[in-house]
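Structure record follows, encoded as structure tokens.
Please treat every number below as a calculation from the coordinates, not as lab data. Remember, it's a predicted structure, so these values are computed and weren't measured experimentally. All Cβ positions, glycine included, derive from the backbone under ideal geometry; neighbour counts span all protein chains shown.
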Amino acid sequence: MLEDEYPDLDFIDIPTPSAMDRGEFLKLFGGGIFVLFTIGSPFTLKGQIGGGSRLPTDFNAFLRIGEDGKVTGFTGKIEMGQGVVTSLAQMLADELDVPLESVELIMGDTDLCPWDMGTWGSMTTRFFGPPFRNAAAEAKAVLLELAAEDLKLPISRLNVDAGVVFDKRNRKKQVTYAQLAKGKKIEKHIEQQPPVKNFSEFKLVNKPVLRRDAPEKVTGRAKFAGDIRLPGMLYARILRPPAHGAKLTSVDTSAVKDIKEAQVVRDGDLVAVLHKYPDVADKAIAKVKAKYDTPAMDVDDKTIFKHLLSAAKEEEIVASGGNLSEGRKASDSVFEEEYLNSYVAHATIETHTATAQIEEGRITVWASTQSPFGLKDEIAEELGMPSKDVRVITPYVGGGFGGKARNQQGVEAARLTKLTGKPVQVAWTRAEEFFYDSFRPAAVVKITSGITKSGKIALWDYGVYFAGDRGSEHFYDIPHHRTMAHGSGWQGGSGAHPFGTGPWRAPANNTNTFARESQMDIMASEAGMDPLEFRLKNLKNKKMRGVLEAAAKKFNWTPSKAPSGRGYGLACGTDSGTYVAHMAEVKVDKKSGKVLVKRVVCAQDMGLVINPEGAKLQVEGCITMGLGYALTEEVHFKGGEIYDRNFDTYEIPRFSWTPEIETVLIEAEDSPPQGGGEPAIVCMGGLIANAIFDATGARLYQLPMTPERIKDALQRD
Amino acid sequence: MEQTIRFTLNNKSRELKLDHERRLLWVLRTDIGLTGTKFGCGRGLCGACTVLVDEQPVRSCVYPISRARDKKVVTIEGLANNGQLHPLQKAFIEHDALQCGFCTPGMILNAYGLLRKNSQPTRQEIVQSMDRNLCRCGSYARIIKAVQTAGREMKGAK
């Protein structure tokens, strides 16, 4: 695998990796065979460690073969619906030649698992997968050596099936992994990468496997952070300001005493009420009278774009080639457009939740988090404790999408357990969830592009403001081009946003792909060309051509200049190393401005697919979720005051929106596996904008494409 | 006001002394400790907290415990029968009809209410009766198929 095959990454940096002392770790697990992985390959580091972090100095343990033959994989990654609980187990079981049922994973526990930066960026399979498979290959090599000794045969005579090593010539001569691991205590470190299986040897990888967590999740047994119950546990409600930036000036908690057994905790700006029932804590917090000094801020969801353009101080060139003025001269038609998108919430059904306990000075927090190690360090820092005295355990996470890379609730629970000495649960209400969400930033994209009479793109001058640069670089064949990123990335910068922003499923790429793919269709229409034909005429990238052609075949795309009245749209993009092309059919009710997305086809080239069923499920999830930011999702606000506080005004996709979805996974087993959790969402804005144009001739330049905006566009165009 | 309230929970009778205005969701999750029923929005808008009361799906986050008096409450923990998964539970597994799984208990119990009245619902009927249950991961297409499969199995069993 070449390092070049991976796009540059731009993720939050978590500075202090830590791992349990090796001796302690081995003591905890008794006998068996351990394969420990010490980070050595710079290639692996690129994905796992953000720029500037320090590396773990001791070891990262990846797996153990127990004396019962069970295989345990340890990973700092977490399961939030994306399905790595299944695909990682598939990789491990396949490489070791054991049944899938004998593999278990311990995930996101900072005491037991190797340090990990966080679960985001569709990186688990791409970057954690290779060392994980290497560790399994190493374990198998150790087991084969032991078996050769045991059976008194050369390794070349041995074969493995379902955890049983046997003589190729006499199957009865055999020994199981369990027998080999019995009474052993073997530590192995990987120094050089052992060979892993190739495609033709896979038994489980690339085969569809159903979710391994489903039985727990359909019976209510699956535990989420809010399902942890500890003796004497109290539920906290925290006093919240009316707006971001508001300062608490006075607080009166005297009326809380009317509520039996309610306990008030005050520590600086933290004012909380604790009770053994969360609903009673709710009532109690409502009795607290507080005054705030709220700064006046005029910016709102309508004026934000103008504000952002003026707030963009810094800029950087993401990519460039040729000469823009040459490009302009070569162009017969020039198009200058501006695209907008609003703030979007993560709106996971599970709100940010954490349960914390302090025992003998050591704090344990069960948290809904995408970054358990990040939370551990945040808690240690906020509470002034040594990092070793904090343990974060990550149960199942009820959706993340980038929003649970922020861990405020975990720190709040840890503070409250430290202050009270009792176990405390902090589970945000829906209103808190909307208020403290790190929204996908509002953003602006400006594009000036030009084409020749024959429909070749000659000029591409692209500038993105505040979304971030992921997915901003075009992949078309354009001689004169420049891509600029203005302002800060999705984390926001000072003076940019009135509240927190952050990564949202395929951060920046949704904004960038909407703008780029809309612009492509504008040019195609002007050139009098079919949008697919226009793209292919301006595209050399083989993978992108491959997905476009595969989508067209599945969709049964027939060429026509837009608007054709059919309501067909297409868009393509790339994210996390994966290529996607989507085609859709929509129906627009011109009177109400409502859009019904009837059908979406997606072709995806993600390299080797570990679990085709899981990959399809992610594509379907991306398409369905993406309908929301395309059509309705928009956070309304004035200054630091957030108006949308629940699902009544903030509309996320529903059953009735669900289109017919067809997914084509390109067979690309010779390419390394790429990301699967995010790519298929990036096209949804451009896809539907282009389909609306094809249906009606109205061009939408702003996400979400609400009925009001569609009616306006219909009148304008 | 504290009252004694009796009801049947997953086929076992329960008697609790509590403030009768408290919502069923929190009584289930905290007083009783059955955590399969989830909190999502607190206003009956998302359906994560759906349970059955006398076989009808209700939103337990807005349902006062007093209304459950002398009624039969079934939560996700009570749906399997003697260790045998309900056809809906099996169908959700077979269709991979979930991702993070947080909305799943509410989805299954809401679908139960539909299938009780109509074991062979059309796609449109499923969409209509499930439309107020939200899944952020976007598993709707598979849930529709799972409900249809479960309906067929339930009908066959009769």
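Computed values, structure above
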| item | result |
| --- | --- |
| With eigenvalues of the C-alpha gyration tensor scaled by 5 and rooted, the protein assembly as shown, Å | 40, 37, 29 |
| Selection of GluC sites (Glu not before Pro), segment A:618-717, meeting DSSP coil and at most 13 other Cβ within 10 Å | A:Glu667 |
| Over 31 Å between alpha carbons, listed pairs A:Lys260/A:Lys388; A:Lys446/A:Lys554; A:Lys247/A:Lys404; A:Lys182/A:Lys422 | A:Lys260/A:Lys388; A:Lys446/A:Lys554; A:Lys182/A:Lys422 |
| Sorted by Cβ neighbour density within 10 Å, fewest at the top, the residues A:Met684, B:Met1, A:Met107, A:Met544 | B:Met1, A:Met544, A:Met107, A:Met684 |
| Under the span-like rule (Cα at least 15 Å along the axis, Kyte-Doolittle mean at least 0.0), DSSP H helices of chain B | B:104-117 |
| Net +/- balance of residues flanking A:Val397 in space, Cβ distance below 10 Å, scoring K and R +1, D and E -1 | -1 |
| Theoretical ellipticity at 222 nm over chain A - DSSP helices of four or more residues, -39500 (n - 2.57) apiece, nearest 500 | -8500 deg cm²/dmol |
| In segment A:635-717, the chymotrypsin sites (Phe, Trp or Tyr not before Pro) that fall in loop regions by DSSP, at most 13 other Cβ within 10 Å | A:Tyr643 |
| Given charges at beta-carbon only (K, R positive; D, E negative), |dipole| of chain B in Debye | 200 |
| 10 Å Cβ neighbours from other chains, averaged over peptide A:208-217 | 5 |
| Per-residue average of Cβ from other chains inside 10 Å of B:28-39 | 5 |
| Between segment A:241-315 and segment A:537-569, the alpha-carbon center distance in angstrom | 50 |
| Model label zone, A:Lys289; criterion: amide N under 15 Å from point 7 Å along Cα-to-beta-carbon; scope segment A:230-264 | A:249-258 |
| Debye, to nearest 20: dipole size of segment B:2-78, +1 on Lys, Arg Cβ, -1 on Asp, Glu Cβ | 100 |
| Top positive-direction residue, dipole computed over the protein assembly as shown with Cβ charges, set A:Ser325, A:Ala356, A:Asn512 | A:Ala356 |
| R0 of 35 Å, Cβ-Cβ distance A:Glu533-A:Gln715: FRET efficiency to nearest 0.05 | 0.70 |
| Within segment B:16-116, GluC sites (Glu not before Pro) in DSSP loop having at most 12 other beta-carbon neighbours inside 10 Å | B:Glu21, B:Glu55 |
| FRET efficiency for B:Arg43 and A:Thr303, using Cβ-Cβ distance with R0 set to 41 Å, rounded to 0.05 | 0.85 |
| Taking all pairs of distinct alpha-carbon atoms in segment B:87-157, Kirkwood radius in angstrom | 11.7 |
| Least to most buried among A:Phe166, A:Phe335 (fewest other Cβ within 10 Å first) | A:Phe335, A:Phe166 |
| A:Arg171, B:Arg14, A:Arg516 arranged by Cβ crowding within 10 Å, fewest neighbours leading | A:Arg171, B:Arg14, A:Arg516 |
